[in-house]
Amino acid sequence: MTLLILDTTLRDGEQTPGVSLSVEQKLMIAEALDKLGVDIIEGGTAISSEGEFQAIKAISQAGLKAEICSFARIKKEDIDAAADAGADSIFMVAPSSDIHISSKFPGRSKEDIIEMSVEAIEYAKERGLIVEFGGEDASRADFEFIKELYRHAVDAKADRLTFTDTVGVFVPEKAEKTMRELKKEFKVPIAFHGHDDFGFATANTVFAVKGGADEIHVAINGLGERAGNAALEEVVMALEFLYGIKTKINKKSIYPTSKLVEKLTRVFVPPNKPIVGENAFTHESGIHTSAILRNTTTYEPISPEVIGRKRNIILGKHAGGASIEAIMEELGYKANKEQMREILARIKEIGDKGKRITDADVRAIVETVLQIKREKKVELLDFSIVSGANITPTASVKLKINGKEIVEAGVGVGPVDAVINAIKKAVKDYADVELVSYHVDAITGGTDALVDVIIKLKRGDKFATARGARTDIIMASVEAFIEGLNILI
Ligand code: MN
């Protein structure tokens, strides 16, 4: 039997602090999970709200291949809500540790818990549900009691059993040993539900599989209460690539699913998160990137295409010619030696300021450098700006136009406006140029980001579009304007 995968992104994952999904969003994620190939989608807790009930109903009616599951307590109303919503199954938990029993069912004994569980399971079976039964907080409970509880559950016709590490205090050795012992005694499939409070969720889940677990509970991006549940992407990739255990997951859908969940839950994946983090397949230093371009396995354990993503090469102060050429080739550009030198210089200048440079930044720099003509009619020699809270922004520029030096000054509503006005005055004897549009973008976040300015100029019936890319918005604007002039004059 291949390993069963229960995805709890929409239940435990939605219990992540600050996450709340609409019915439509839950349905979108459920469809993505179905494509990803999970066996069981735990869609939520039908009893908890009208929205949850509607979400489970919508997912159940969507015609998905996966079994649709609702979370439930050992309570009749929870079972009814799940069945009424049309769920195929319930993941039903009974408190099993002393802490959980005394705080959730004060005054009740362990025998009472067994009796209530048996009644609940029998009722759920009457309502036609597949029952996956678990002891909540099992990892902190008396193991003899857990087995006693499970024996009664199986007698009451529970279809599957789950061992839950509710507060993430298990260790891999124990996970493996516990699964082995449960497998020895029980014939029904046994699942493991792990949390990441000590960073062991993936390891515990993998070791549970080694110990014979038939099913695992995981969530996309490791979402879940507190530190989260075991991350689907980590567990699946570790099982397949490190232990040679095949799963039914369509690995190419892993990254797109992660991005969808990130977008809809607004829980951002840390850049250094294994498999799906921004940096997981990003290379920066020049030596690494040139080696990786020759042979990708030098610094990558798996290739990014396997999980449906691309390698990302980031240029910084370590950038080498090889990595830039690779990006240029990807963009379809060719530069001569002089242009290459200029591109490299600009990239290193930004890298030295401690900024990361993305593909989009490189693209802007390359396009800016490539548009620069060898022979310039208009050349910027110098400029200065005075700007502040209570003075009119004033700029002076020194230009070389057709070999002649010209100094002009201008004022404006802001520093960019002032310097553009000064340049316009300086060139008015040569050309009457009009600024048609001015567009500015910060390519990456932060006030020290590369700024991309695109301007459109008009002279008579001729138009020119030019761009400037610098970390300084005024420099970028001046650069774009001057390049535009050079096209028009
Ligand atoms: Mn949980």
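Computed quantities for the displayed model
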read-out: Inter-label distance for F105 and Y299, nm, one decimal - labels placed 7 Å from Cα along Cα-to-Cβ; value: 5.7 nm
read-out: Difference of contour (0.36 nm per residue) and Cα-Cα distance, R341 to M1; value: 116.5 nm
read-out: Sites A389 and E349 - FRET efficiency at Förster radius 22 Å, r taken between beta-carbons, to 0.05; value: 0.15
read-out: For the stretch 20-83 versus the stretch 438-482, the gap between their alpha-carbon centres in whole angstrom; value: 49 Å
read-out: Accessible heavy-atom area order of R294, R127, R108, highest first, probe of 1.4 Å; value: R294, R108, R127
read-out: J(HN,Hα) series, the stretch 173-185, from Karplus relation 6.51 cos²θ - 1.76 cosθ + 1.60, nearest Hz, glycine and proline x; value: 4, 5, 4, 5, 5, 4, 4, 4, 5, 5, 5, 4, 8
read-out: Calculated from backbone phi, Karplus (6.51, -1.76, 1.60) coupling profile of the stretch 87-98 in Hz, x at Gly/Pro; value: 5, 7, 8, 10, 9, 10, 10, 10, x, 10, 8, 4
read-out: Gyration tensor verdict on the chain (Cα atoms; rounded if a/c is under 1.5, prolate if a/b is larger than b/c, oblate otherwise); value: prolate
read-out: Segment D112-A409, length gained on full extension (0.36 nm per residue, minus Cα span); value: 98.1 nm
read-out: Within the chain, helix-based [θ] at 222 nm, where runs of 4 or more DSSP H residues each add -39,500 (n - 2.57), nearest 500; value: -12000 deg cm²/dmol
read-out: Mean separation of Cα contacts under 8 Å, 6 or more apart, over the residue count of the chain: relative contact order %; value: 9 percent
read-out: Cross-link pairs beyond the 21 Å C-alpha cut-off, checked among K310/K348; K424/K458; K400/K428; value: K310/K348
read-out: Partners for K334 among aspartates and glutamates (Cα-Cα distance below 18 Å; same-chain residues under 8 apart left out); value: E325, E342, D359, D361, E367
read-out: Gyration tensor (alpha-carbon) shape descriptor, the stretch 378-488, a/c threshold 1.5; value: oblate
read-out: Hz values of 3J(HN,Hα) by residue in the stretch 191-203 - Karplus curve (6.51, -1.76, 1.60), Gly and Pro given as x; value: 10, 10, 10, x, 10, 9, 4, 10, x, 9, 4, 5, 4
read-out: Amide hydrogen neighbours beyond the local backbone of A85, cut-off 5 Å, H modeled; value: none
read-out: Share of carbon and sulfur in the accessible heavy-atom surface of the chain [1.4 Å probe, %]; value: 51 percent
read-out: Largest to smallest accessible area among E434, E181 [probe 1.4 Å]; value: E434, E181
read-out: Unit charges on C-beta of K, R, D, E only; dipole of the chain, Debye; value: 2180 debye
read-out: Separation of the V19 and E50 label points, Cα + 7 Å toward Cβ, nm; value: 2.5 nm
read-out: At R0 = 35 Å, FRET efficiency that the Cβ-Cβ distance of D472 and L331 yields, to 0.05; value: 0.90
read-out: Anchor K187: aspartates and glutamates whose Cα lies under 14 Å away (excluding residues fewer than 8 positions away in-chain); value: E132, D155, D159, D214, E215
read-out: Accessible solvent surface per residue of the stretch 4-265, calculated while the other protein chains remain in place, 1.4 angstrom probe, Å²; value: 38 Å²
read-out: Heavy atoms of H152 accessible to a 1.4 Å probe, total area in Å² rounded to 10; value: 60 Å²
read-out: Gain on full stretching of the segment that runs from E181 to K425 - 0.36 nm per residue minus C-alpha separation; value: 79.2 nm
read-out: Distance between modelled label sites at N402 and Q371, nm, 7 Å Cα→Cβ extension; value: 2.5 nm
read-out: Solvent-accessible ranking of R73, R346, largest area first, probe 1.4 Å; value: R73, R346
read-out: Förster-model FRET efficiency, 22 Å R0, K248 and D84, C-beta, rounded to 0.05; value: 0.15
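The values are calculated or read from the model by the stated rules, or taken from the named source; none is laboratory data. In this text the structure is predicted, and so the values were computed from the model without any measurement. We place every Cβ from the backbone using ideal geometry, glycine too, and count neighbours over all the protein chains shown. Just so you know, the surface numbers come from the protein's heavy atoms only, side chains and all, with ligands and any DNA or RNA stripped out. Shrake-Rupley method; radii C 1.70, N 1.55, O 1.52, S 1.80 Å.
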